[in-house]
Amino acid sequence: MCSKEIVKITLPNCSLDEQTILTYKGRVREIHSHILQQNSTGWIDFPIQNNESLLDSINYIASEIKACADVLVVIGVGGSFLGARAIQEALTPYFGLAKGGIEVVYVGLNMSGAYIKEVLAYLDSKQVYVNVISKSGGTMEPALAFRVMRLYMEERYGDKAKERIIVTTDAEKGILKGIADKAGYRQFVIPDDIGGRYSVLTAVGLLPVAVAGVDIIELMDGARHAATELAQSDLAFNDAYQYAVMRHILHEQGYSVELLASFEPGLSKFHEWWKQLFGESEGKDRKGLYPSTVSFSTDLHAIGQYIQDGRRIMFETLLHFHEIEGDMAVPYDARDEDGLNYLTNRTFNEINAISKQGTALAHAEGDVPVIQIELPKLDAYHLGYLIYFFMKACAMSACLLEVNPFDQPGVEAYKQKMLELLKVEKVVKE
Ligand code: PA5
């Protein structure tokens, strides 16, 4: 198979060979055409469309927010916040703010009274903008949080509150759309043919991360590169489809859990985004790999024991970015009481990379197959590429399982049951 400029996939200790993978060539080609005929596939071409005016208006509003606020409160759940939080955490400093960015706080991702109460108290000494994001416009978690935040903003800013609330929702339908139109809030549209967990590269993810200081032009350039390169229907030339086939074969061989692993803590929220993408797209009809994640080396001292020695149900997908901004050398200490002076010619990132190699070798001995996905650098461009790569792989992978990648009946079931219970409670109280 051909090796590509951006993503390199290797199989360090995995019995899969090229010939077995390529037996899926015909099926992949058929599914490729089938996917293109589906609704909900607007995300496929979105990065290669002319989005200049959208990116300009997002950057324009982001500049206004950064100039007039200390904090942007993003309200959303599931696909309406996971992608933004993933990008923000991967590309902004661990402590403090990115250059040219302000703080972004997420609410409406849970229904904890303690959480929202604390957020309100935290905001009191700060200037605030709100970006409420909901495709359906009626999901309980963000709807409740928006009720609270809207009243809070009106109390603090009076008539000016409406200038500080930005709504990202459907172009035509939904309760949120009605509220936004009536109040005259500024709005960004979530395209009708792009579902929640495939929407991170639209205004859903782009406005929050632009405010956090991420270069969204770079991010979308990377995504565009991926959209062009991964448009191939030929399995031999499409890395995303190869990854989809690899995980599918391993699943067929009896592995039931895929562990996304990386050695960079800034990627742990990216793991969460990936988990939702695959979990919600594939976990249907009693099928699907269970997507789980580990952040190494931290988790090697926790769940690492199970991976190495527990039930043989999992394989690992190891994400590796060769270049990470920020590093330091191990300092020399003349006392050498800890016996670590032999490492003083090494940097932490070098040692981390060696720990990755050591883990792969140990997992080979422990019979854990590894799919390694390598990218040159952890930056906006390559993250944009990788996000698109996983979305493309996910659609193919779900179709190989013969489930619909774009619906989420299980989530709807929970929403329905909760509403029924809330209504029964109301009747009982009355
Ligand atoms: O991927 C999905 O479709 C879901 O995770 C949704 O994003 C989530 O349920 C939130 O829905 P909404 O944006 O309609 O509030």
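The values are calculated or read from the model by the stated rules, or taken from the named source; none is laboratory data. No experiment lies behind these values; they were computed from the predicted model shown. FYI the Cβ positions are ideal-geometry reconstructions off the backbone, even for glycines, and counts take in every protein chain you see.
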Identify all residues within the range 151-169 that are out of contact with any strand residue (DSSP E or B) (no Cβ under 7 Å at 6 or more places or on another chain) and not aliphatic (A, V, I, L, M); write none if there are none.
-> Y152, E154, E155, R156, Y157, G158, D159, K160, K162, E163
From the list F348, F321, which residue is of a type outside the set (A, V, I, L, M) and under 28 Å from L289 (Cα atoms)?
-> F321
Kindly provide the set of residues from the range 179-199 that are within 18 Å of I61 (Cα to Cα), in a loop (DSSP other than H, G, I, E, B) and of a type outside the set (A, V, I, L, M, F, W, C), ordered by number.
-> G184, Y185
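When the residues of the range 111-137 are narrowed to those that are within 13 Å of the ligand (Cβ to nearest atom) and polar (S, T, N, Q), which ends up farthest from K66 (Cα to Cα)? Show your work before the answer.
Going residue by residue through the range 111-137, those that are within 13 Å of the ligand (Cβ to nearest atom) are 131-137.
Then drop every residue that is not polar (S, T, N, Q), which leaves 131, 134, 136.
Values: N131: 13, S134: 22, S136: 28 Å.
Across the range 111-137, the extreme among qualifying residues is S136.
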If we scan the range 128-135, do we find a residue that is of a type in the set (S, T, N, Q) and surrounded by fewer than 22 Cβ atoms within 10 Å (Cβ to Cβ)?
-> no
Residues of the range 273-300 satisfying the condition of being assigned to a helix (DSSP H, G or I), closer than 26 Å to T92 by Cα and more than 12 Å from the ligand (Cβ to nearest atom) | W274, T298, D299, L300
Every residue from the range 159-178 that is surrounded by fewer than 16 Cβ atoms within 10 Å (Cβ to Cβ) and not in a helix (DSSP H, G or I) = A171, E172, K173
Looking for whichever is free of Cβ contacts under 8 Å to residues at least 12 places away in the same chain and over 19 Å from the mean Cα position of the chain (by Cα) here; the options are Q242, Q253. Which one fits?
-> Q253
With a cut-off of at least 2 residues that are touching a strand residue (DSSP E or B) at 6+ places or on another chain (Cβ under 8 Å) and either under 23 Å from I166 (Cα atoms) or away from the ligand (no atom under 16 Å from the Cβ) (or both), name the helices (runs of 4 or more DSSP H) lying wholly within the range 1-107.
-> 52-68, 82-91
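Name the residue, out of D215, D170, that is touching a residue at least 12 places away in the same chain (Cβ under 8 Å), under 17 Å from L54 (Cα atoms), touching an Asp or Glu at 6+ places or on another chain (Cβ under 8 Å) and in the same structural domain as I75 (by TED's automatic domain parsing). Break it down into steps so the answer makes sense when it comes.
Values: D215 fails: touching an Asp or Glu at 6+ places or on another chain (Cβ under 8 Å).
Every option except D170 fails the conditions.
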Can you run down the residue pairs with Cβ atoms below 7 Å, 6 or more apart or on separate chains, where the first is in the range 174-200 and within 11 Å of the ligand (Cβ to nearest atom) and the partner is in a helix (DSSP H, G or I) and among the β-branched types (V, I, T)?
-> I190/V204; V200/I387
Without any contact (Cβ under 8 Å) to a residue 60 or more places away in the chain and either aliphatic (A, V, I, L, M) or surrounded by 14 or more Cβ atoms within 10 Å (Cβ to Cβ) (or both): does that describe M149?
-> no
